[in-house]
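Please treat every number below as a calculation from the coordinates, not as lab data. What you see is a predicted model; the values in this text were computed from it and never measured. We place every Cβ from the backbone using ideal geometry, glycine too, and count neighbours over all the protein chains shown.
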Amino acid sequence: MRRLADFHDATSRWLFALAGGALCLAVSLYVFEVVMRYGFGAPTTWSGEAVQYALAVLIFCALPDITRRTAHVTIDIVPEALPPRATLWLGRLTALLAAAACGVAGWIIAGEAARQFDRGLMTNAANPIPRWWITAVIALGFASAALHFLREAGRRAE
């Protein structure tokens with residue numbers, strides 16, 4: 001089980017690095033578009049769309065590692081006011097609910113990605129690309145985050 005957990009952690013770190021690359025790409029493309037539009041009077045038709053896709057990759061590839069490190073935003077007024085045992089149970093419940101929400105979202109979105117792949121659906125854009133891969137990245141991010149939340153609930157149980 002430890003090997004699977006280590007593999008999951010490693011893939012989450014790899015996805016986070018991919019998210020960093022997507023951020024660099026989005027910033028570079030945004031600057032490129034500004035230079036082309038205002039410097040050369042030749043705006044592109046594709047860079048805005050590519051930035052949107054990079055932002056989707058950025059968010060959902062970063063999600064698993066953010067969840068792994070519990071670096072997401074928390075509002076801890078209630079847990080800090082509770083006794084330690086109640087805080088433990090609230091943490092377990094919260095982690096399980098978050099796992100369920102992310103898991104269900106990942107399942108639904110993965111089904112949609114498969115449907116998009118089967119139908120060959122393309123984005124509604126000036127330069128259409130297949131939709132399924134963007135949707136699949138979103139599903140992967142949610143599914144991996146769900147596993148991290150389940151693991152967190154298990155750690156809280158120890």
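Calculated from DSSP H runs of 4 or more alone, at -39500 (n - 2.57) each and per residue, what is the 222 nm mean residue ellipticity of the chain, nearest 500? Numbers along the way, then the final one.
On the way: 5 runs with 122 residues, N = 158.
The helix contribution divided over the chain gives -27500 deg cm²/dmol.
When 1/r is averaged over all different Cα pairs and the result inverted, which Kirkwood radius in Å belongs to the range 50-103?
Values: mean 1/r = 0.0762 Å⁻¹.
Hydrodynamic radius (Kirkwood, Cα pairs) of the range 50-103 is 13.1 Å.
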Check your understanding: Against the longest principal axis of the chain, how steep is helix 84-119, in degrees 0 to 90 to the nearest 10, with axes from Cα atoms?
Key -> 30 degrees
Review point. Does anyone have the angle between helix 132-157 and the longest principal axis of the chain? Alpha-carbon axes, 0 to 90°, nearest 10?
Key: 20 degrees
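From the P(r) of the chain, could you give the percentage of C-alpha pairs in the tail past 27 Å? Numbers along the way, then the final one.
On the way: 4825 of 12403 pairs.
Across the chain, Cα pairs with separations above 27 Å total 39 percent.
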Review point. Fewest first, what order do ILE66, ILE129, ILE77, ILE138 take by the number of other Cβ atoms within 10 Å?
Key: ILE77, ILE129, ILE66, ILE138
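Between ALA17 and LEU96, what is 0.36 nm times their sequence separation minus the Cα-Cα distance? Round to one decimal in nm. Kindly include the intermediate steps, with their values, before the conclusion.
Numbers: separation 79, 0.36 × 79 = 28.44 nm, distance 2.68 nm.
In short, 25.8 nm is gained.
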Study note, to complete from the structure: Listed by chain and number, the residues whose amide H is under 5 Å from that of MET122, excluding neighbours fewer than 5 places away on the same chain and using placed H, are ARG131
Exercise for review: Sticking to Cα atoms, compute the Rg of the range 1-75 to one decimal and its Dmax as the biggest Cα-Cα distance, whole number, in Å.
Suggested key: 16.6, 57
Study note, to complete from the structure: Loop-resident chymotrypsin sites (Phe, Trp or Tyr not before Pro) in the range 1-60 with no more than 11 other Cβ atoms inside 10 Å, DSSP not H/G/I/E/B, are PHE40
Review point. Applying 1/(1 + (r/R0)^6) with R0 = 41 Å to the Cβ-Cβ distance of MET122 and ARG85, what FRET efficiency is obtained, to the nearest 0.05?
Key: 0.15
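How do GLU80, GLU152 line up, fewest other C-beta atoms within 10 Å first?
Working: GLU80 7, GLU152 20.
The most exposed by this proxy come first: GLU80, GLU152.
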Review point. Can you sort CYS102, CYS24 by how many other beta carbons sit within 10 Å, fewest first?
Key: CYS24, CYS102
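What does the net charge come to around TYR30 if you take all other residues with beta carbon closer than 15 Å to its beta carbon, with K and R at +1 and D and E at -1? If you can, show how the numbers build up before the last one.
Numbers: positive: ARG37; negative: GLU33, GLU49.
Counting the neighbours of TYR30, the net charge comes to -1.
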